[in-house]
1. Determine ³J(HN,Hα), in whole Hz, for all residues of region 365-372 in sequence, where each value follows from phi through the Karplus function 6.51 cos²θ - 1.76 cosθ + 1.60 and θ = phi - 60°; x replaces Gly and Pro.
2. Per 0.36 nm of contour for each residue apart, how much would the distance between His61 and Arg305 grow if the chain were fully extended, relative to their Cα-Cα spacing?
3. With the Cα gyration tensor of region 56-297 in hand, convert its eigenvalues to equivalent ellipsoid semi-axes via √(5λ) and list them largest first in whole Å.
4. Starting from the Cα-Cα distance between Met188 and Ser261, subtract it from 0.36 nm times their residue separation and give me the gain in nm to one decimal.
5. Please work out the average accessible area per residue across region 75-216, using the 1.4 Å probe convention, and give it in Å².
6. Order of 155-167, 94-106, 299-311 by packing, highest average Cβ count within 10 Å first?
7. So, with a 1.4 angstrom probe, what is the percent of accessible area on the chain that is carbon and sulfur?
8. Given a cut-off of under 8 Å on Cα pairs at least six residues apart, what relative contact order in percent is computed for the chain?
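The values are calculated or read from the model by the stated rules, or taken from the named source; none is laboratory data. Since this is a predicted model, take the numbers as computed values, not measurements. Glycine gets a Cβ as well: all are built from the backbone with ideal geometry, and neighbour counts include every protein chain shown. In case anyone asks, the SASA skips ligands and DNA or RNA and just uses the protein heavy atoms, side chains included. Shrake-Rupley method; radii C 1.70, N 1.55, O 1.52, S 1.80 Å.
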Amino acid sequence: MTHTHTHAFDLATAADLRRGPDIAAVLDHLVADATATAATSIGYPGAVDLDHTAVMARLGHRLWNNIGDPSDPGGVAHTRVLEQAVIAWVAELVGMPAEDRWGYVTTGGTEGNLSALHAAYRRWPTARIYYSTAAHYSIRKIVDMLATYKVVVRAHPDGQMDYDHLAEQVRKRRRWPAIVVATAGTTMTEAVDDTDRIHAILTEYSMVGHVHVDAALSGIPLALDGALRLDDTSGIGSVAISGHKFFGVPTPCGVVLVRDSVRNPARQPIAYTAATDTTITGSRCGLAAALLWHAIALHGREGHRWRVAEARRVAGYAVERLRAAGWPARRWPHALTVVLPTPPEAVRKKWLLATDGPVSHIICMPGITTGQVDALAADLAAAAIPRPRAR
Ligand SMILES: Cc1ncc(COP(=O)(O)O)c(C=O)c1O
């Protein structure tokens with residue numbers, strides 16, 4: 001952001017105090033800045049192929065507050081009927097039994113993780129919470145907020161949990177219930193922890209407890225593949241998914257699903273809102289629920305399957321192109337994330353990649369084009385240190 005921009009946003013400059021800021025110009029600045037960097041922003045997972053303006057145009061002028069539980073009737077203007085439809089669609093997609101499901105539209109993956117782990121911890125108050133070193137930073141924060149005992153399990157360099165280490169840690173703590181957080185799409189490499197193996201380890205040691213899946217990134221793509229299931233045999237008690245990632249909703253949001261039987265039956269009715277206090281936040285964004293509903297309804301299951309396939313095709317193309325440019329890129333077969341050695345600063349200044357030390361990634365979310373990949377590959381080829389030819 002340039003100095004001029006900062007000045008334009010400053011509400012307290014002398015001239016502004018007399019005339020007021022040029023509101024349209026300030027907003028236009030923001031839009032222009034975001035538009036200028038959009039083509040090179042390929043490190044963070046927001047789909048850019050869906051047009052949400054139909055919802056923004058119709059609903060954007062008033063407050064839609066889904067305060068309370070999605071099943072609560074009445075109250076201020078709300079979109080709970082759409083929220084219920086979103087929850088039902090995702091629950092059906094992951095095969096969650098109709099008689100044992102509950103969920104709501106959250107502010108994002110983090111709130112979903114908090115809501116699910118809070119429910120699991122109330123159900124198992126002496127539990128140890130296990131999560132891997134590749135888990136999202138929200139998990140550590142939530143464990144801290146809940147003040148639970150934590151057990152950090154090693155992850156392999158590719159991002160997947162080390163199941164032998166999990167087994168070793170569980171074996172030592174057999175007398176306490178286990179809450180295990182699996183990740184479906186780790187933040188850096190999009191690795192997916194194998195919940196069947198986790199379930200098998202818990203069964204082997206006759207553990208009681210809960211398995212939660214943080215599926216912020218890959219939840220919808222994997223569920224569309226049939227690779228993320230919360231049916232009775234899965235051993236999974238809850239899942240959290242981000243809404244602004246695969247569905248590209250233009251406000252942070254998400255979905256959490258928890259088996260109803262896990263939740264504490266004592267729920268507090270709140271007199272003044274005539275609502276039931278089952279969610280983490282009180283007032284909740286009804287616009288987000290409407291945007292999610294719209295994104296789902298626009299394409300349906302088949303359309304979204306096509307979006308996943310197309311994005312994977314671009315990700316596969318990116319691996320080939322980056323390798324051809326002298327950059328050893330790799331990806332999991334299911335992944336939209338392409339991992340590469342961190343490029344020099346000149347490349348990172350132009351391209352908004354996500355970087356963690358020696359490793360960076362791009363994410364080929366729906367809407368990222370092969371043209372963008374070509375442009376990145378060209379910059380990487382120019383930056384590649386030529387390797388000596390093998391004799
Ligand atoms: C694995 C994982 N979990 C949780 C989150 C948090 O999601 P949100 O930013 O929607 O709270 C992310 C976001 O990148 C993530 O990658």
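1. Using θ = phi - 60°, the values come out as 5, x, x, 6, 9, 5, x, 5 Hz.
2. Working: separation 244, 0.36 × 244 = 87.84 nm, distance 3.25 nm.
Stretched out fully, the His61 to Arg305 stretch lengthens by 84.6 nm.
3. Details: eigenvalues 186, 76, 46 Å².
Each semi-axis is the square root of five times an eigenvalue, giving 31, 20, 15 Å.
4. Details: separation 73, 0.36 × 73 = 26.28 nm, distance 3.31 nm.
Roughly 23.0 nm would be gained on extension.
5. Working: 5910 Å² over 142 residues.
On a per-residue basis, region 75-216 sits at 42 Å².
6. Working: 155-167: 18.2, 94-106: 20.4, 299-311: 15.2.
Listed from highest to lowest mean packing, they are 94-106, 155-167, 299-311.
7. Working: 10770 of 18910 Å².
Carbon with sulfur: 57 percent of the solvent-accessible area.
8. Taking the mean separation of contacting Cα pairs over the length of the chain, I get 22 percent.
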